[in-house]
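Asker: Pasting a structure below so you can have a look.
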Amino acid sequence: MSNRMVCREASHAGSWYTASGSQLNAQLEGWLSQAQGTDKPARAIIAPHAGYTYCGACAAHAYKQVDPSVTRRVFILGPSHHVPLSRCALSPAEVYRTPLYDLKIDQKVYADLWKTGMFERMSLQTDEDEHSIEMHLPYTAKAMESHKEEFSIVPVLVGALSESKEQEYGKLLSKYLADPSNLFIISSDFCHWGQRFRYTYYDESQGEIYRSIEHIDKMGMGIIEQLDPMSFSNYLKKYHNTICGRHPIGVLLNAVAELKKTGMDMNFSFLNYAQSSQCRNWQDSSVSYAAGTLTVH
């Protein structure tokens, strides 16, 4: 038996973002310098996972709220785009590579999660095919660089969960969310609009198509800010908005609901919204991005 570490390669470097550490560092610094910090550090953020040329600037608004001096563990919850999954899955890797530096998976937390019997193990191939977690790794590395030896990550691939499963995982993860040394990153893009996404909802009263898309996204964002999982589920049932990270978002909202029962006061606010392009006719398509932060009072 060899004791070689199992590493997940930065499989989307060189396509979805640059594989050059120095170029990547300069890009992330540039975007972060344009974003405003708030006075309270984030306990959780929602940020997009598209190619950085599309959403890097938007994501910076969320990452600007991370406080590396208090954060010791970063949970990253991303949706599964390639494999059907009805539960959540953990990585077989011990280390996640990025062009900046390697990130270590918290094996103790992984062992505790594994013991619950609620998780399956994804293959390394599945892990490397998936981009929803990887797109947050360079930003995490950058936000945490001043304390890079002092933190670990907990990547969780979130399947197409039922409402009751979202509740179960929310309950399970709520104790981690309660701990100020943990940060949760929720990976999600917002509306995927166009015939190639099989979603062409259009409310003409809003004006151009891209305005209608913004309207429906902002309605969803407003509901997420209310921190009520039931309202978010009802919104999705009514409008079917193609928010790809809806299940990770649902898990977060349920974790928050659990903590609110104990009297914990939390607040969520979105800080930035963007679209990959402005749709004006039925041949167009676009993906929307939003960045927001959960703070504890």
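The values are calculated or read from the model by the stated rules, or taken from the named source; none is laboratory data. Model, not experiment: these values are computed from the prediction. A quick note on method: Cβ atoms are made from the backbone with ideal geometry, for glycine too, and the neighbour counts reach across all protein chains shown. Note: areas computed on protein heavy atoms with side chains; ligands, DNA, RNA excluded. Shrake-Rupley method; radii C 1.70, N 1.55, O 1.52, S 1.80 Å.
Asker: Could you grab me the full set of residues in segment 18-30 that are touching a residue at least 12 places away in the same chain (Cβ under 8 Å) and either open to solvent by 10 Å² or more (accessible area, probe 1.4 Å) or part of a loop (DSSP other than H, G, I, E, B) (or both)?
Answerer: Step one: of segment 18-30, the residues touching a residue at least 12 places away in the same chain (Cβ under 8 Å) are 18-21, 24-25, 27-29.
Thr18, Ala19, Ser20, Gly21, Asn25, Gln27, Glu29 - these are the residues of segment 18-30 that are touching a residue at least 12 places away in the same chain (Cβ under 8 Å) and either open to solvent by 10 Å² or more (accessible area, probe 1.4 Å) or part of a loop (DSSP other than H, G, I, E, B) (or both).
Asker: Filter segment 75-100 down to residues that are open to solvent by less than 40 Å² (accessible area, probe 1.4 Å) and within 14 Å of Val154 (Cα to Cα), then give me how many there are.
Answerer: Here is the first cut: in segment 75-100, the ones open to solvent by less than 40 Å² (accessible area, probe 1.4 Å) are 75-80, 85, 88-91, 93, 95-96, 98-99.
Still in the running and within 14 Å of Val154 (Cα to Cα): 75-78, 88-91, 93, 95-96.
Within segment 75-100, residues that are open to solvent by less than 40 Å² (accessible area, probe 1.4 Å) and within 14 Å of Val154 (Cα to Cα) number 11.
Asker: For Leu103, which of the numbered conditions (1) of a type in the set (A, V, I, L, M, F, W, C); (2) touching a strand residue (DSSP E or B) at 6+ places or on another chain (Cβ under 8 Å); (3) free of Cβ contacts under 8 Å to residues at least 60 places away in the same chain; (4) open to solvent by 10 Å² or more (accessible area, probe 1.4 Å) fails to hold?
Answerer: (4)
Asker: If you go through segment 1-30, how many residues are under 12 Å from Arg97 (Cβ atoms) and not charged (D, E, K, R)?
Answerer: Keep residues of segment 1-30 that are under 12 Å from Arg97 (Cβ atoms), which gives 5-13, 19, 21.
Cutting the leftovers down to not charged (D, E, K, R) gives us 5-7, 10-13, 19, 21.
Adding up the residues that qualify gives 9.
Asker: Tell me, which residue of segment 196-241 that is of a type in the set (A, V, I, L, M, F, W, C) and open to solvent by 20 Å² or more (accessible area, probe 1.4 Å) is nearest to Cys279 (Cα to Cα)?
Answerer: At the first step, the residues of segment 196-241 found to be of a type in the set (A, V, I, L, M, F, W, C) are 197, 209, 213, 216, 219, 221, 223-224, 227, 230, 232, 236.
If we keep only those that are open to solvent by 20 Å² or more (accessible area, probe 1.4 Å) as well, we get 197, 219, 223, 230, 236.
Details: Phe197: 13, Met219: 18, Ile223: 24, Met230: 30, Leu236: 22 Å.
Checking each candidate, the answer is Phe197.
Asker: Also, quick follow-up: Would you confirm whether any residue within segment 257-271 is in contact with an Asp or Glu (Cβ under 8 Å, 6 or more places away or on another chain) and open to solvent by less than 20 Å² (accessible area, probe 1.4 Å)?
Answerer: The answer is yes, given that some residue of segment 257-271 is in contact with an Asp or Glu (Cβ under 8 Å, 6 or more places away or on another chain) and open to solvent by less than 20 Å² (accessible area, probe 1.4 Å).
Asker: Only one of Gly159, Gly170 is under 16 Å from the mean Cα position of the chain (by Cα), closer than 20 Å to His49 by Cα and either open to solvent by 50 Å² or more (accessible area, probe 1.4 Å) or of a type in the set (Gly, Ala, Ser) (or both). Can you tell me which?
Answerer: Gly159
Asker: A follow-up question, please. Could you check segment 34-49 and list, in sequence order, the residues that are of a type outside the set (Lys, Arg) and either surrounded by fewer than 22 Cβ atoms within 10 Å (Cβ to Cβ) or at pLDDT below 95 (or both)? It would help to see each step written out before you state the result.
Answerer: Taking segment 34-49 first, the residues of a type outside the set (Lys, Arg) are 34-39, 41-42, 44-49.
Those that are of a type outside the set (Lys, Arg) and either surrounded by fewer than 22 Cβ atoms within 10 Å (Cβ to Cβ) or at pLDDT below 95 (or both): Gln34, Ala35, Gln36, Gly37, Thr38, Asp39, Pro41.
Asker: Six or more apart or on different chains, Cβ atoms under 6 Å: show the pairs whose first residue is in segment 182-207 and closer than 17 Å to Ser285 by Cα and free of Cβ contacts under 8 Å to residues at least 40 places away in the same chain and whose second is of a type outside the set (Lys, Arg) and outside any loop (DSSP other than H, G, I, E, B).
Answerer: What qualifies is Tyr202/Ile209; Tyr202/Ser212; Asp203/Ser212.
Asker: Just the residues that are without any contact (Cβ under 8 Å) to a residue 12 or more places away in the chain and either among the charged types (D, E, K, R) or touching a Gly at 6+ places or on another chain (Cβ under 6 Å) (or both), please, taken from segment 208-234.
Answerer: Arg211
Asker: Report every pair of residues separated by at least 6 positions or lying on different chains whose Cβ atoms are under 9 Å apart, first residue within segment 135-161 and without any contact (Cβ under 8 Å) to a residue 60 or more places away in the chain, second hydroxyl-bearing (Ser, Thr, Tyr).
Answerer: Ala141/Thr98; Ala141/Tyr101; Lys148/Tyr101
Asker: May I ask you to verify whether Ala62 is in a helix (DSSP H, G or I) and closer than 26 Å to Ser288 by Cβ? Let's see the steps before the verdict.
Answerer: Working: in a helix (DSSP H, G or I): yes; closer than 26 Å to Ser288 by Cβ: yes.
Considered against the rule, which asks whether it is in a helix (DSSP H, G or I) and closer than 26 Å to Ser288 by Cβ, Ala62 comes out as yes.
Asker: Next question, about the same structure. Just one of the numbered conditions (1) over 27 Å from Ser86 (Cβ atoms); (2) within 20 Å of the chain's Cα centre (by Cα); (3) not acidic (Asp, Glu) is not true of Trp282; which one?
Answerer: For Trp282, the failing item is (2).
Asker: Quick check on this structure: which one of Ser11, Ser33, Ser86 is among the hydroxyl-bearing types (Ser, Thr, Tyr), touching a Lys or Arg at 6+ places or on another chain (Cβ under 8 Å) and either assigned to a helix (DSSP H, G or I) or touching a residue at least 12 places away in the same chain (Cβ under 8 Å) (or both)? Steps first, answer last, please.
Answerer: Working: Ser11 fails: touching a Lys or Arg at 6+ places or on another chain (Cβ under 8 Å); Ser33 fails: touching a Lys or Arg at 6+ places or on another chain (Cβ under 8 Å).
Result of the check over Ser11, Ser33, Ser86: Ser86.
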